[in-house]
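Have a look at the structure below, then the notes.
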Amino acid sequence: MIPQIYGNDPVLDLIRTMRERDHLPHAALLFGEKGMGRKTIARYFAMTALCTGVHAPCGECQSCRKILQDDMQDIHPHPDLIWVEHSGKKRGFSVETVRRICRDAIVAPNDGDRKVYLFADCDQMDIRAQNTLLKLTEEPPPHVLLLFTAEHRNAFLVTMLSRMMPIAVRPCTAEDCREALISQHGIEAGKADLAVKACGGNIGKALTWLSDASMQEMTRQTAALTEAIASHRQYEILRILAQYESDRSAAAEFLRLLDLQLRDALVMRFSRDNITGADAASAGRLSQNLTASRTRRMHDAIQNAYEALQANVSVKLALAALGGALLQ
């Protein structure tokens, strides 16, 4: 039985259709935010490619059953689904690891017609390793399928991207996220609702939020900052933002939550439906004195701060600039 994959039905349909028409790419990149199921979909992709049933993936053939036993961490029973191990100082993929894969790719599959090499979480893949992979990615043996996952497409060189099929992984709906938490992970409804409010349709992030007190505190701070913006308390805005000056990744996540609050505030000017942010009450208060032009300015300020963080600009400077811009 193939496990339920929530959201991304167009991606799953695409994978099945490519298999049915015998048009699977020789290399594909699944990219999107952490926690949205990139590796789960990559495993589904591999199952579809390696399935020996009539309608792939059938979930019943020996190949499918082996992959269903794969836990994506320690247990990999299918000999033709190779999870490439992380290596090197940054836990990316070292040149030597890539060379070993290039040598192994020449060897024929063990069980069927294909071998699938899965490079998961490639955001730290070394440029030298990518250059070493270029030839294999461009002209792999006919039995080889290369799958990559990453948060961002720009983790790869342009020359690598031109040799693979990029497929965006999207969050599921809030309703699907709630159902997954309750039915698949045994989370009680009240806690599931809180996690969905904080994380939207990102199931992996919602599970982390439920077990991570620091993420729950970040949600509370997002609500507090929204209140401070609504009441024009500049000192409070700067005080809250200053708490994230020492952690670039936490600051980026905080900005994501704040942008969801801003989005909700604008939606609530017209409707109470489709609210996805961390705290509806504070978003509602912000919405009372929000105009379309001010929303655009605030969103642009948040986006500029986020891009500055990605460009390795000082976190302190980026957040200080944001604090001033939020009340303009």
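The values are calculated or read from the model by the stated rules, or taken from the named source; none is laboratory data. Computed from a predicted model, the values in this text were never measured in an experiment. So basically every Cβ, Gly included, is an ideal-geometry build from the backbone, and we count neighbours across all protein chains shown.
Checking each residue in the range 133-173 for being β-branched (V, I, T) and within 13 Å of the chain's Cα centre (by Cα) picks out T149, I167, V169. The criterion of being closer than 17 Å to P166 by Cα, in contact (Cβ under 8 Å) with a residue 40 or more places away in the chain and surrounded by fewer than 22 Cβ atoms within 10 Å (Cβ to Cβ) does not hold for R38. Would you say L257 is at pLDDT 90 or above, in contact with a Gly (Cβ under 9 Å, 6 or more places away or on another chain) and on the phi < 0 side of the Ramachandran plot? It is false that L257 is at pLDDT 90 or above, in contact with a Gly (Cβ under 9 Å, 6 or more places away or on another chain) and on the phi < 0 side of the Ramachandran plot. Among the numbered conditions (1) out of contact with any His (no Cβ under 8 Å at 6 or more places or on another chain); (2) at pLDDT 95 or above; (3) hydroxyl-bearing (S, T, Y), the only one that S63 does not meet is (1). Selection of first residues in the range 286-299 that are under 16 Å from F270 (Cβ atoms) and of second residues that are among the polar types (S, T, N, Q) and in a helix (DSSP H, G or I), restricted to Cβ pairs under 9 Å at least 6 apart or on distinct chains, gives the following pairs, ordered by first then second residue: L286/T226; L286/Q261.
Looking only at the range 77-86, decide whether some residue is modelled with pLDDT under 95, out of contact with any strand residue (DSSP E or B) (no Cβ under 6 Å at 6 or more places or on another chain), surrounded by 15 or more Cβ atoms within 10 Å (Cβ to Cβ) and farther than 22 Å from Q124 by Cβ. The answer is no, given that none of the residues of the range 77-86 is modelled with pLDDT under 95, out of contact with any strand residue (DSSP E or B) (no Cβ under 6 Å at 6 or more places or on another chain), surrounded by 15 or more Cβ atoms within 10 Å (Cβ to Cβ) and farther than 22 Å from Q124 by Cβ.
When Y6 is tested against (1) assigned to a loop (DSSP other than H, G, I, E, B); (2) out of contact with any Cys (no Cβ under 7 Å at 6 or more places or on another chain); (3) crowded, with 16+ Cβ neighbours inside 10 Å; (4) at negative phi, exactly one condition is not met: (2). When S183, S246, S231, S282 are checked against the criterion of being among the hydroxyl-bearing types (S, T, Y), farther than 26 Å from L319 by Cβ and outside the structural domain of E151 (by TED's automatic domain parsing), a single residue qualifies: S183. Note on the range 2-22: residues that are at pLDDT below 95 and among the polar types (S, T, N, Q) amount to 2. If the condition is being touching a residue at least 12 places away in the same chain (Cβ under 8 Å), closer than 21 Å to H143 by Cα and among the basic types (K, R), then the range 5-35 contributes R16, R19. Any residue at all in the range 313-321 that is under 28 Å from R178 (Cβ atoms), among the aliphatic types (A, V, I, L, M) and touching a residue at least 12 places away in the same chain (Cβ under 8 Å)? No, the range 313-321 contains no residue that is under 28 Å from R178 (Cβ atoms), among the aliphatic types (A, V, I, L, M) and touching a residue at least 12 places away in the same chain (Cβ under 8 Å). Residues in the range 1-47 that are acidic (D, E) and out of contact with any Pro (no Cβ under 9 Å at 6 or more places or on another chain): D9, D13, E20, D22. Within the range 66-111, the set of residues being over 21 Å from T137 (Cβ atoms) and polar (S, T, N, Q) comprises Q69, Q73, N110. In the range 126-217, counting only helices (runs of 4 or more DSSP H) that sit wholly within it, the ones holding 3 or more residues that are free of Cβ contacts under 8 Å to residues at least 60 places away in the same chain and crowded, with 20+ Cβ neighbours inside 10 Å span 127-138, 189-199.
Whether a residue is among the aliphatic types (A, V, I, L, M) and either over 16 Å from the mean Cα position of the chain (by Cα) or at pLDDT below 95 (or both) was assessed, and L30 does not pass this test. When the range 111-120 is filtered for residues that are assigned to a loop (DSSP other than H, G, I, E, B) and modelled with pLDDT of 95 or more, the ones remaining, listed by number, are R114, A120. Could you go through the range 249-266 and let me know if any residue there is of a type outside the set (S, T, Y), more than 22 Å from the chain's Cα centre (by Cα) and surrounded by fewer than 21 Cβ atoms within 10 Å (Cβ to Cβ). Within the range 249-266 (the criterion being of a type outside the set (S, T, Y), more than 22 Å from the chain's Cα centre (by Cα) and surrounded by fewer than 21 Cβ atoms within 10 Å (Cβ to Cβ)), the answer is yes, since at least one residue qualifies.
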